[in-house]
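Visitor: Starting off with a structure, shown below.
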Amino acid sequence: MVEAFQWRGDDPLVVRVDPTARIHLRIQERDRPVPGLWATLREAERGHRVRLGTSDVAGLHAFERISPGPYVYVVGGAGYWPTEHQVTASKDPAELEVQVRRVGTLEIEAIHAGAAVAAAQAAIRSVEYDKDVRTWAGRGFASVEPADSRTDSSGLLVVQDIPNGPYTWTVTFPDGHVATGNVTVPPHSRTRVRAER
């Protein structure tokens, strides 16, 4: 990567670059290759974007003729969870596997004696990533409604755009009763679980 600058000297300026390195990546969702997924490669130290492209039909993504060193590979696309990976460009790179996830929606419904329960506090945690979904919502990666993670007047809490996979959930009712459970969120779908008092 060569940064733009203004040369004010009288002597010729010689700029040498070393575009001899490569990065080879295989984009997969678990054991399935993912074609057509966009990605950006940027320098790890300065953050400058080096390349932009998409994975091929086999899920492969190759960056050729770049300078050796550390890079950040940012991958995403419509309906996919955005992820970043630290990678290193070298002259003889091994193929690296990059895991991606399609997103889904989870609904928590708080119920007592067949009636909806408002203001029940919900906590939802990804088993795969070991993260509370509120952390993702705080960074703008997911949506939690209502934003305070308490069920609305219809007893619902809706969490959108989270990576598919296993989750644990806990709902604390206004009277202190706690309900817990496990759920697997499928990709590109809406899943509802009932937390009953």
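Visitor: Taking a quarter of the surface of the Cα convex hull of segment 21-99, what do you get in nm²?
Guide: Computing the convex hull of the Cα atoms and averaging its projections yields 4.8 nm².
Visitor: Could you list Ser189, Ser149, Ser55 so that the one with the fewest beta carbons within 10 Å of its beta carbon is first and the one with the most is last?
Guide: With the sparsest Cβ surroundings first, the list reads Ser189, Ser149, Ser55.
Visitor: Please compute the length gained on full extension between Ser154 and Leu52, using 0.36 nm multiplied by the number of residues separating them and subtracting their Cα-Cα distance.
Guide: 32.3 nm
Visitor: What's the local net charge at Thr151, with K and R +1, D and E -1, over the other residues with C-beta under 15 Å away?
Guide: In short, -2.
All of the numbers you see were taken from the coordinates with simple rules; none came from a lab. Keep in mind it's a predicted model, so treat the numbers as computed, not measured. Virtual Cβ from ideal backbone geometry, glycine too; neighbours counted across all protein chains shown.
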